[in-house]
Amino acid sequence: MELNFHIFRHGESPYLQRNNDVELYEANDLTPKGIEQIKKSIDSIYFPSHKIIEIRSSPTGRGLHSSKIIIENLEKRLIKHSEIKKEQNLGEVNNFSWDLFCPLVYGGEVVFEGQRIFIDVNKTNPSKTQYQEFFAKGEAQRVVDLIDLPNSYKKEVKSFEKFEDVTRRLLNTILKAKATSDKTENIFVTHDGLTGFLINLDSEGKLFGSNTGSYISVKMTDSNAYIYTVNGILSEKRKDIFEEFERRYGKL
């Protein structure tokens, strides 16, 4: 048996994004650039004519809007597909707040519970680590104990879902879909935090996140599961993604 999974990060959307679940008809969150990103990516994937495409999406507006664009492309190409299935496990990082996270990465002033707080980036992020790596390494949860912050601020940051846990959600969704027939291919539409592990694995530790509208293709056989292309470019890595996850973070 051989299954293919094409894992998309949603297209570009405005900075002020909705993280709540939306109905499919409401999903219209992408910018014109984001729409073109998804169109370009889905155009680059070849699907055998006998395959049925199963589409699972984050329930956010930007995830569902990306999925609708993917379906429009498939229909123009006369490719059979399922309805879009909302998948909670492909949703955004749980309990996360950019308003609390970004000042720890970049420094500056934040208003929290009516109080103005200045955060010195030289204490929280002296090496100027990019936000994707900062999240992946759990730096936010670590550095809040190094500076003077309200305990309630620290508590909220420490409740952010961890990188390994968002990755675990993605991998478990792949395993759930494995039960489908080998007559299907799978498209997942998700978020930056969930694709970070796969990008990091493919780049041999150099990168921690993906660009909007990009995709990673994973091939699963009876014996292993590995990244075979990134944005259509053949990957030379053949590390089993499940074995590598467990090597780094423990049992899935």
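The values are calculated or read from the model by the stated rules, or taken from the named source; none is laboratory data. For clarity, every value in this text was computed on a predicted model and none was experimentally measured. Cβ sites come from the backbone with ideal geometry, for glycine too, and all protein chains shown count toward neighbours.
Out of all the residues in the stretch 73-96, is one or more assigned to a strand (DSSP E or B) and outside the structural domain of Leu30 (by TED's automatic domain parsing)? Checking the stretch 73-96: not a single residue is assigned to a strand (DSSP E or B) and outside the structural domain of Leu30 (by TED's automatic domain parsing).
Determine, yes or no, whether Glu109 is assigned to a loop (DSSP other than H, G, I, E, B) and of a type outside the set (Lys, Arg).
On the way: assigned to a loop (DSSP other than H, G, I, E, B): no; of a type outside the set (Lys, Arg): yes.
The answer is no for Glu109.
Looking across the stretch 212-252, the residues that are part of a loop (DSSP other than H, G, I, E, B), at negative phi and in contact (Cβ under 8 Å) with a residue 12 or more places away in the chain come down to Thr212, Ser214, Asp222, Asn224, Ser235, Lys237, Arg238, Lys239, Asp240, Leu252. Counting only residues that are in a helix (DSSP H, G or I) and in contact with a Phe, Trp or Tyr (Cβ under 7 Å, 6 or more places away or on another chain), which one in the stretch 151-172 is surrounded by the fewest Cβ atoms within 10 Å (Cβ to Cβ)? Residue satisfying both the conditions and the ranking: Glu164. In the stretch 25-54, which residues are part of a helix (DSSP H, G or I) and aromatic (Phe, Trp, Tyr)? The answer is Tyr25, and nothing else.
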